[in-house]
Amino acid sequence: MVIPEIPIGKVVESGVYWLNDNFGFLMDIFSKFIDFLISGFKDILMFLPPIAFIFVISILVYIVSRRDLKLTIGTAIGFALIESMDLWNLSIETIALVLASALVALVVGIPTGIMAAKNETIFSIVKPVLDFMQTMPSFVYLIPAVIFFGLGNVPGLVATIVFAMPPAIRLTNLGIRQVPVELREVANAFGTTSMQKLIKVELPVALPTIMAGVNQCIMLSLSMVVIAAMIGARGLGYQVLVGIQRVDIAQGFEAGLGIVIIAIVLDRLTQSITPKE
Amino acid sequence: MNFDVYEGETFVLMGLSGSGKSTLLRCLNRLIDPSDGHILIDGDDIATMNDKELREARRKKMSMVFQSFALLPHKTVIDNVAFGLEVQGIPKEERYTKAEEAIVKVGLKGHEASKTSQLSGGMQQRVGLARALATDPDILLMDEAFSALDPLIRSEMQDELIALQDKLKKTIVFVSHDLDEALKIGDRIAIMKDGVIAQIGTAEEILTNPADDYVSEFVAGVDRTKILTAENVMKRPEPVVSINSGLTVAMQLMKKHGISSIFVVDPEKTIKGILLIDDAVKAVKEKRTLHDVLITDVPTVAPDEPVKDIIPMVAESQFPLAVVNERNKLLGVIVRGSILGALTIKEED
Ligand SMILES: Nc1ncnc2c1ncn2[C@@H]1O[C@H](COP(=O)(O)OP(=O)(O)OP(=O)(O)O)[C@@H](O)[C@H]1O
Ligand SMILES: [Mg+2]
């Protein structure tokens, strides 16, 4: 008894070729757009030399964290350490990738979350997709990205965007659904349009929850950007990968430490700008 | 059901939990869409308005005060108060001026920049009230506005609402499940049961003449002495004796009615005093006149005096109380028995 071989791989392949032939131009546009975002962020971040950058970022952190001195000093020391390990450019590249992917994920994810909260039909479509995405290991996201965009920063970012978007959608949806009925009634009773209700009542009230989504989105972006090194994304992740392949403990450890520093700073920063109850 | 709320009155919707008070109130500004029927405000039917007209009515005509205050947590006191104006697109300066007026009205001056979460419950509801007043609507809808407050603050807020209403003369529809509150602040009260109105009337009408068993049971627990007035418990001033008649006439009248004292009035029914039977007997023996033994220092009360305040007077005085109008015309008589009678609910009818 022989189970016949089903040519799943071949079928998918020809499907992908078909998509590439017919919609390739769309993917090119998307690709260019992503490239533009990444280099844009990189240019901005690279504009200042490390010392000046550390100075400026510390002041910025001090202001947005509402005078959190511990966080400010920690940030300065962390970035100084990165520079002293000679990982500056790679770190900036990683941060640029994180910012670019988180930006796209949020710009798409938050409005989607709002619509899912407002419209049961959209919610019933979005929810199973999110549930399905949650069951998949992060690794799996790399495959379709490679299929459509080849190797490099762009597929890495595409995989990252898709991977990091669910918490933004989920928590925005949750935050808006959790707005107390009476506050909605207040909005209605005072004659708001639905746009006014959203902007003046629902979003501000849901903001702490939405910001938790933003935080998760950024943190997932970072973790995925590192993994995406496997399909050619640059930055610290690539350095870790090389360290592993060559069993170069020193290089691997330093790059890993750089990632941890960036992770802590990004996490604390997004948490500290979340409004407290 | 069908009912009118008059301009400038405080109309209380009253009933047990689940009787449909909030639902009815929310139909008035269509937070809940009525399935049928009409809601007329100045002749415009709220129930059939399109979205735009409805928004306009909600912005200008009526506003709402909520049981759980429902303040916007991200806004300061003054921004909460100015919310209705902000929604109308009024520029910041003007809306702060108006919001400030409302804040002063509810006695929150000095707290404009506070976070609402820092305020006590009573103060939070003042913000809620100020927010409703800031748009200067004709109609205030208040859903158990004071129920979340502890009793002392609550009673204080009720007094302030009454005082404010005296000045502002808004049309208030107030939902309450507390009968004492309803009786205190309501000009008229509607008692609801299972989504329909069982009776509408003034406090007195409902207490003295409940429409059905449900209403009379509902009002059974009320402290009637606060609601009923001298007018409700007095008896007809009969018999009285004219100041111009003699002692013998007075004595005959007392004997005939089995009473030990009698009020003496002039032809205009103005009260002149009271005559006791013992004095009358003595005076006849001593050949003195009515004028000589007439007790002119009689206790009197106004017809709108609450029974609560009358009870101690009745207890102290050895004579019946005379109920008189401002020109001292005798309107009625109160004896101990008449108060007791009025306070016990009639089981029949
Ligand atoms: N006229 C009505 N027709 C249909 N359903 C009604 C009607 N009135 C009330 N209900 C239903 O009864 C329930 C309770 O009504 P509602 O919340 O208005 O009661 P309430 O008197 O405000 O009670 P509470 O004192 O607990 O606030 C609601 O679910 C509402 O849908
Ligand atoms: Mg209710």
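Odds and ends about this structure:
- Total residues in the range B:177-195, condition outside any helix (DSSP H, G or I), away from ligand 2 (no atom under 16 Å from the Cβ) and surrounded by fewer than 21 Cβ atoms within 10 Å (Cβ to Cβ): 2
- A single entry from B:Leu228, B:Leu290, B:Leu294 fulfils the requirement of being modelled with pLDDT under 85, open to solvent by less than 40 Å² (accessible area, probe 1.4 Å) and farther than 30 Å from B:His177 by Cβ: B:Leu290.
- Residues located in the range A:51-77, provided they are surrounded by fewer than 17 Cβ atoms within 10 Å (Cβ to Cβ) and either of a type in the set (Lys, Arg) or within 24 Å of A:Ala233 (Cβ to Cβ) (or both): A:Arg66, A:Arg67, A:Lys70
- Figure legend. Inter-residue proximity from the range B:21-46: first residues without any contact (Cβ under 8 Å) to a residue 40 or more places away in the chain and more than 11 Å from chain A (Cβ to nearest Cβ), second residues assigned to a loop (DSSP other than H, G, I, E, B) and within 16 Å of ligand 2 (Cβ to nearest atom), beta-carbon distance below 8 Å, spacing 6+ or different chains. Indicated pairs: B:Ile46/B:Asn29.
- Failed item, numbered, when B:Ile78 is tested on (1) closer than 12 Å to B:Ala134 by Cα; (2) without any contact (Cβ under 8 Å) to a residue 40 or more places away in the chain; (3) within 11 Å of chain A (Cβ to nearest Cβ): (3)
- Any chance B:Phe174 is within 25 Å of B:Gln67 (Cα to Cα), in a loop (DSSP other than H, G, I, E, B) and within 16 Å of ligand 1 (Cβ to nearest atom): no
- Only one entry in A:Glu182, A:Glu202 is within 14 Å of another protein chain (Cβ to nearest Cβ), modelled with pLDDT under 95, in a helix (DSSP H, G or I) and out of contact with any Gly (no Cβ under 8 Å at 6 or more places or on another chain), namely A:Glu182.
- B:Gly221 part of a loop (DSSP other than H, G, I, E, B) and over 24 Å from B:Cys27 (Cα atoms): yes
- So B:Met64, is it in contact with a Lys or Arg (Cβ under 9 Å, 6 or more places away or on another chain) and either more than 8 Å from chain A (Cβ to nearest Cβ) or basic (Lys, Arg) (or both): no
- From the list A:Leu37, A:Leu71, A:Leu90, A:Leu45, the lone residue that is within 24 Å of the chain's Cα centre (by Cα), within 20 Å of A:Phe253 (Cβ to Cβ) and in contact (Cβ under 8 Å) with a residue 12 or more places away in the chain is A:Leu90.
- Among the conditions (1) part of a helix (DSSP H, G or I); (2) within 15 Å of the chain's Cα centre (by Cα), A:Ala233 misses just one, which is (1).
- If you go through the range A:218-260 and pick out every residue that is open to solvent by less than 20 Å² (accessible area, probe 1.4 Å), touching a Gly at 6+ places or on another chain (Cβ under 7 Å) and within 18 Å of A:Ala102 (Cα to Cα), you end up with 5.
- Members of the range B:90-106 found to be surrounded by fewer than 22 Cβ atoms within 10 Å (Cβ to Cβ) and away from chain A (no Cβ under 13 Å), listed by number: B:Pro91, B:Lys92, B:Glu93, B:Glu94, B:Tyr96, B:Thr97, B:Lys98, B:Glu100, B:Glu101, B:Val104, B:Lys105
- Residues in the range A:78-94 that are assigned to a helix (DSSP H, G or I) and either open to solvent by 20 Å² or more (accessible area, probe 1.4 Å) or among the hydroxyl-bearing types (Ser, Thr, Tyr) (or both): A:Ala80, A:Leu81, A:Glu83, A:Ser84, A:Asn89, A:Leu90, A:Ser91, A:Glu93, A:Thr94.
- Taken over the range A:52-68, the criterion of being assigned to a helix (DSSP H, G or I) and either of a type in the set (Ser, Thr, Tyr) or free of Cβ contacts under 8 Å to residues at least 24 places away in the same chain (or both) is satisfied by A:Ala52, A:Phe55, A:Val56, A:Ile57, A:Ser58, A:Ile59, A:Leu60, A:Tyr62, A:Ile63.
- The numbered conditions (1) among the aliphatic types (A, V, I, L, M); (2) more than 14 Å from chain A (Cβ to nearest Cβ); (3) open to solvent by less than 60 Å² (accessible area, probe 1.4 Å) are all true for B:Val87 except (2).
- B:Glu86 of a type outside the set (Ser, Thr, Tyr), free of Cβ contacts under 8 Å to residues at least 12 places away in the same chain and either under 19 Å from A:Pro180 (Cβ atoms) or touching an Asp or Glu at 6+ places or on another chain (Cβ under 8 Å) (or both): yes
- Here B:Ser19 fulfils each of the conditions (1) open to solvent by less than 70 Å² (accessible area, probe 1.4 Å); (2) more than 13 Å from ligand 1 (Cβ to nearest atom); (3) of a type in the set (Ser, Thr, Tyr) apart from (2).
- Set side by side, the residues B:Leu25, B:Leu54 differ, and just one is of a type outside the set (Phe, Trp, Tyr), under 17 Å from A:Ala187 (Cα atoms), open to solvent by less than 40 Å² (accessible area, probe 1.4 Å) and within 16 Å of ligand 2 (Cβ to nearest atom), which is B:Leu25.
- For the range B:237-287, the set of residues classified as of a type outside the set (A, V, I, L, M, F, W, C) and surrounded by 17 or more Cβ atoms within 10 Å (Cβ to Cβ) consists of B:Pro237, B:Ser261, B:Lys269, B:Lys272, B:Gly273, B:Asp279, listed by residue number.
The values are calculated or read from the model by the stated rules, or taken from the named source; none is laboratory data. The shown structure was predicted, so the numbers you read here are calculated from the model rather than taken from an experiment. Glycine also receives a Cβ, built like all others from the backbone with ideal geometry; neighbour counts cover every protein chain displayed. Note: areas computed on protein heavy atoms with side chains; ligands, DNA, RNA excluded. Shrake-Rupley method; radii C 1.70, N 1.55, O 1.52, S 1.80 Å.
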